[in-house]
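Asks: Got a structure for you, questions after.
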Amino acid sequence: MVKITLKDILKDKQCEIERRKTRESIGLLKKKIKSLPPVRDFKKCLGGRGKLMAIAEIKKKSPSAGLITKLDYIGTYRKRTYAIGRRPILLDVTTIARQYEANNHCCAISVLTDKKYFGGDIKFLNKVKDVTTKPVLRKDFIIDEYQVYESMVYGADCILLISAILSQKKLKRLFDIARGLGLRCLIESHYKEDLTKVPAQAEIYGINNRDLAGGFSIDLEVSKKLIKHIPAGKIIVVESGIKTKKDINFIRSLRRVNAVLIGTSILKGPHPGKALDKLFS
């Protein structure tokens, strides 16, 4: 198996962005934005509940886990199904989104839009938005302002910005553009040094337990260490490595965490919504 690195992903992402620019110009995206309805409030869904919530994710595969779920996306029209008793169930993007919509532990939905490494598609944002009332996060490697406008056009309410792959200046630029459009930003860090790049106006901090630059290893202790360096009053989301009830209880013990972002551990079976319930029960 060929080992995939963060450098590989970012190189391919830049090529992908340039291709997309030729198909739909940034000028056209800006025109489309003028007629869009207001975004849903991603910040509000995370704060003020007084209990740990989940941002439930939709993704098919990842470089570290390989194929995660056998879900088929609407639009492919393939017949691969999960057999549950005598009833075959087609797990597509909207099926999973509906399960998350009905789940009381889920406050928002994260959608992987990277196609090559995660099996996603930018169009999945609207598919999810059409069947849920919950805010939608676009999770991708966002490195260009084009992607910010694109996120808005295709239905995102919030975007992920990864400190490790952006300079402080570039992070601030993307953050400001998103804020000007009304989009929220989940700004992700793994090292203490990453936090120094985060704009003072940032409201939602993400702690990624996965070391993207160091072989994709996971350590939940990263959350415990990093949370001490996040300013008071900020919303905190813990990402990666949440697999068991024990993990959930560990995150709860940190007190300041508002939500966990969960994907792989609940997507391996035909009922991600029930798997999420089991984790939080």
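Bear in mind that the values in this text are calculations on the coordinates, not laboratory data. Predicted model, so just to flag it, every value in this text is computed and none were measured. A quick note on method: Cβ atoms are made from the backbone with ideal geometry, for glycine too, and the neighbour counts reach across all protein chains shown.
Asks: At a Förster radius of 45 Å, what calculated FRET efficiency corresponds to the Cβ-Cβ distance of residue 281 and residue 10, to the nearest 0.05?
Replies: Computed FRET efficiency for residue 281 and residue 10 comes out at 0.70.
Asks: Per-residue counts of other Cβ atoms within 10 Å, averaged by peptide: what ranking do you get for 271-277, 38-44, highest first?
Replies: The densest-packed peptide leads the list: 271-277, 38-44.
Asks: Which cross-chain or sequence-distant (5 or more) residues have an amide H under 5 Å from the amide H of residue 188, H modelled 1.01 Å from N in plane?
Replies: 161, 162, 163, 206
Asks: Which ³J(HN,Hα) values, rounded to whole Hz and listed in residue order, are derived for region 194-211 from phi using the Karplus coefficients 6.51, -1.76 and 1.60 in 6.51 cos²θ - 1.76 cosθ + 1.60 with θ = phi - 60°, glycine and proline given as x?
Replies: Computed from phi, the couplings for region 194-211 are 4, 5, 5, 7, 5, x, 4, 7, 4, 10, 10, 9, x, 10, 9, 6, 8, 8 Hz.
Asks: Hey, rough spin-label estimate for residue 34 and residue 167, points 7 angstrom out along Cα→Cβ, what's it come to in nanometres?
Replies: 3.3
Asks: Pick from 108, 213, 178: which residue has the top mean-square fluctuation in a GNM of the chain where Cα pairs under 10 Å get a spring?
Replies: Checking each option, the largest mean-square fluctuation is seen for 213.
Asks: Can you give the extra length, in nm with one decimal, that the chain gains between residue 115 and residue 26 once fully stretched, where that is 0.36 nm per residue apart less the Cα-Cα distance?
Replies: Between residue 115 and residue 26, full extension yields an extra 30.0 nm.
Asks: Can you tell me the relative contact order of region 175-222? Whole percent, Cα pairs under 8 Å, sequence separation 6 or more.
Replies: Reported relative contact order: 31 percent.
Asks: Turning to a different aspect of this structure: Which far-off residues, 5 or more places away or on another chain, put their amide H under 5 Å from the one on residue 110, with H placed in the peptide plane?
Replies: 56, 57, 58, 137
Asks: Enumerate the calculated ³J(HN,Hα) couplings along region 53-61 in order (Karplus 6.51 cos²θ - 1.76 cosθ + 1.60, θ = phi - 60°), each rounded to whole Hz, writing x wherever the residue is Gly or Pro.
Replies: For region 53-61, the Karplus-derived couplings read 10, 10, 9, 8, 9, 10, 7, 9, 8 Hz, x marking Gly and Pro.
Asks: Continuing with this model, one more query. Show me the chymotrypsin sites (Phe, Trp or Tyr not before Pro) within region 144-249 that DSSP assigns to loop and that have at most 10 other Cβ atoms within 10 Å of their Cβ.
Replies: none
Asks: So if we plug the beta-carbon distance of residue 217 and residue 255 into 1/(1 + (r/R0)^6) with R0 = 22 Å, what FRET efficiency do we get, rounded to 0.05?
Replies: My answer for the efficiency is 0.30.
Asks: Something else now. Residue 68's amide H: which non-local residues (gap 5+, or another chain) put their own amide H closer than 5 Å, with H modeled 1.01 Å from N in plane and none for Pro or chain starts?
Replies: 61, 62
Asks: Only bridges whose two residues both fall in region 6-280 count here: according to DSSP, what percent of them are antiparallel, nearest 5?
Replies: 15
Asks: Hey, what number do you get for the chain at 222 nm if only DSSP H runs of n ≥ 4 count, each worth -39500 (n - 2.57), divided across all residues, to the nearest 500?
Replies: After summing the helix terms and dividing by the residues of the chain, the value is -10000 deg cm²/dmol.
Asks: Ranking 148, 238 by Cβ neighbours within 10 Å, fewest first, what do you get?
Replies: Fewest to most other Cβ atoms nearby, the residues stand as 148, 238.
Asks: With the dipole of region 136-281 worked out from charges on the C-beta (+1 for Lys and Arg, -1 for Asp and Glu) around the Cα centre, which of 217, 171, 183 lies farthest toward the positive end?
Replies: Result: 217.
Asks: Let me ask another. Tell me which cysteines of the chain come out unpaired when the rule is another cysteine's Cβ under 4.7 Å.
Replies: For the chain, the answer is 15, 106, 158, 185, because their Cβ atoms have no other cysteine Cβ under 4.7 Å.
Asks: How large is Rg/Rh for the chain, to two decimals, with Cα atoms and a Kirkwood Rh?
Replies: 0.94
Asks: Which whole-number percentage describes the relative contact order of the chain, with Cα contacts under 8 Å and a sequence gap of 6 or more?
Replies: 20
Asks: Output ³J(HN,Hα) for region 241-256: one whole-Hz value per residue in order, computed from phi by the Karplus curve 6.51 cos²θ - 1.76 cosθ + 1.60 with θ = phi - 60°, and x for Gly and Pro.
Replies: With the stated coefficients, region 241-256 comes to x, 8, 10, 10, 4, 4, 5, 4, 5, 4, 5, 4, 5, 6, 6, 7 Hz.
Asks: Another question about this same structure. Of 257, 120, 56, which is farthest on the positive side of the dipole of the chain, counting Cα position, with +1 on Lys and Arg Cβ, -1 on Asp and Glu Cβ, and the Cα centre as origin?
Replies: 56
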